[in-house]
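The values are calculated or read from the model by the stated rules, or taken from the named source; none is laboratory data. All of these numbers come straight from a predicted model, not from anything done at the bench. Backbone-built Cβ (ideal geometry, glycine too); neighbour counts: all protein chains shown. Quick note on the areas: whole protein, heavy atoms, side chains included, nothing else; ligands and nucleic acids left out. Shrake-Rupley method; radii C 1.70, N 1.55, O 1.52, S 1.80 Å.
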Amino acid sequence: MAPLKNKVYVVGVGMSKFIKPRGEVDYPEFGLEAAVKALNDAKVTYDEVEYATCGYVYGDSTAGQRVLYQLGMTQIPIINVNNNCSTGSTALLQARNAVASGMVDCAMALGFERMARGSLGSTFSDRTNPLDHVSIVMATERGFEPKAPGAAQIFGNAGIGYMEKYGATEDHLAKIAEKNHRHSSKNPYSQFRDIYTLEQVKQSPKVFGPLTKLQCCPTSDGAGCAIVASEAFVKKHNLMDQAIEICAQVMATDSPRLLTTDAIEWAGADMTRRAAADAYAQAGITPKDVQVIELHDCFSANELLTYDTLGLTPPGQAHKLIDSGDNTYGGKYVVNPSGGLISKGHPLGATGLAQCAELTWQLRNWAGDRQVPDCKYALQHNVGLGGAVVVSIYKKANSNRTQPHVGYNPATEARPITQEEYNKAVAKEQNRAQFLEAKL
């Protein structure tokens, strides 16, 4: 994938708390909160946004419009995106492409989700399941457990395959979950903030194979948002000191290795390899140059595999990164300082944009007790089975320090939005529909 010519910067981010799906808050409120926070962070109103992409998996076809019309009906293009669990990053990629191509100077990527409680299942029973090809290969090679969630079986079998091939153990998987729950305790946006011992992780109820409940991401509700802009826009609005450059962003889909007998490949390992290799080349760096990583740990097994496929370790040595402590504070990398999907939560459409928000705060040095020291490059990895992987690499636009300007630090305090904050973000009055009042 050829790099786009124009630089693109993240100038504003925002997110809601991730919460258990209880039906207490609807998607228009989640989406509005994240969008208002991102606009306030960028010091712009919705009138400045020329293009928007809205990611969600569970919802009707123009839910993005329903959310954003609360900020104004400015007649901009609003593209609704669904790419399974990589939906949020796909929305961000589309917004970035619109800016990088020169089509617009300012775009919004918004992701939100209101999910049903319990394990993910197929929504439609009267048509082909998009993962039938993987499920057939897996069932033929390793069997299929009717009572276990399908995603847990795909990722669980991939983890088992890695253990069989390279010597990793169930303890390595449990240590990943223990780390992420510990990291999550310092993230005010996380669905879960409890710290668990390694033994508690291992003794929690079994879900599939080596995976216990505390090694699996929950279903979640929530939203995330990013405002991306051209260099000209950033300079015009005096935003360079807080701007984060997207210095590489690559999407890859599956290769034929997906449908081989190698269980590691069933989790989309090869698309991560491809996206990561191309992203490092675009950015002109190697994995050694990265300090902080938000990766798609939907299950502890996938975090283990991803150490390898992102090139953080030599092939087959992902478990050694855990043994050396090089995946947490004080080590070579800090992986999932937010708590990751396992503990922060996983509202499918919002996940990629929440990862972007966390890395933006880290590169601005705003992350407080969970701050990774000396951040120069940050890497984001978001995967959706079926499949699509987006790998993004970020760096701060300059070395100038900046402080939050919204009256509090959004990286360390998860506040609801106020009427005053909404008023700062909303479009001018002639672009608003009077009957469509936002619920604050």
Calculate the spin-label point distance for residue 400 paired with residue 286, positioning each point 7 Å from the Cα along the beta-carbon direction, and give it in nanometres. 3.4
Using only Cα atoms, tell me the angle between helix 348-364 and the longest principal axis of the chain; keep it within 0 to 90° and round to the nearest 10. 70
Taking the 0 to 90 degree range and rounding to the nearest ten, how far is the long axis of helix 87-100 tilted relative to the main principal axis of the chain, both from C-alpha atoms? 50
Sorted on mean Cβ neighbours within 10 Å (highest first), peptides 157-163, 362-368 come out as 157-163, 362-368
Full-stretch length increase - residue 103, residue 193 - with 0.36 nm per residue and alpha-carbon distance subtracted: 28.2 nm
Net charge near residue 27, counting Lys/Arg +1 and Asp/Glu -1 over other residues with Cβ under 11 Å of its Cβ? -4
Could you go through the range 63-71 in sequence order and give the Karplus-derived ³J(HN,Hα) for each residue, using 6.51 cos²θ - 1.76 cosθ + 1.60 with θ = phi - 60°, rounded to whole Hz, and x for Gly and Pro? 4, x, 4, 4, 5, 6, 4, 5, 9
May I ask what percent, to the nearest 5, of DSSP beta bridges between residues of the range 282-439 are antiparallel? 60
Using modelled backbone amide H atoms (1.01 Å from N, in-plane), which distant-in-sequence or interchain residues come within less than 5 Å of residue 254's amide H? 387
Å² of accessible area per residue within the range 159-233, as computed with a 1.4 Å probe and no ligands counted: 38
Charges only on Cβ, +1 for Lys and Arg, -1 for Asp and Glu: so what's the dipole of the chain about the Cα centre, in debye to the nearest 20? 540
Which value in deg cm²/dmol, rounded to the nearest 500, describes the helix-derived mean residue ellipticity at 222 nm for the chain, given -39,500 (n - 2.57) per DSSP H run of n ≥ 4 and division by the residue count? -10500 deg cm²/dmol
Cα-based reach from residue 236 at 30 Å (exclusive), listing lysines while leaving out same-chain residues under 8 positions away: 5, 7, 37, 43, 376, 395, 396, 424, 428
Given charges at Cβ of Lys, Arg, Asp, Glu: the range 332-436 dipole, positive-most of 419, 433, 385: 385
Relative to the first principal axis of the alpha-carbon coordinates of the chain, what is the inclination of helix 132-142, with its axis defined by its Cα atoms, in degrees from 0 to 90 and to the nearest 10? 30
Under a point spin-label approximation (7 Å from Cα along Cα-to-Cβ), what is the residue 20-residue 238 distance to one decimal in nm? 4.7
Separation of the residue 123 and residue 147 label points, Cα + 7 Å toward Cβ, nm: 2.9
Per 10 Å bin, what is the whole-percent P(r) computed from every C-alpha pair distance within the range 143-209? 19, 40, 33, 7, 0
Per the charge dipole of the chain (beta-carbon charges, Lys/Arg positive, Asp/Glu negative, Cα centre), the residue among 298, 209, 39 reaching farthest to the positive end is 39
Anisotropy class of the range 132-278 from Cα gyration tensor, a/c 1.5 cut: oblate
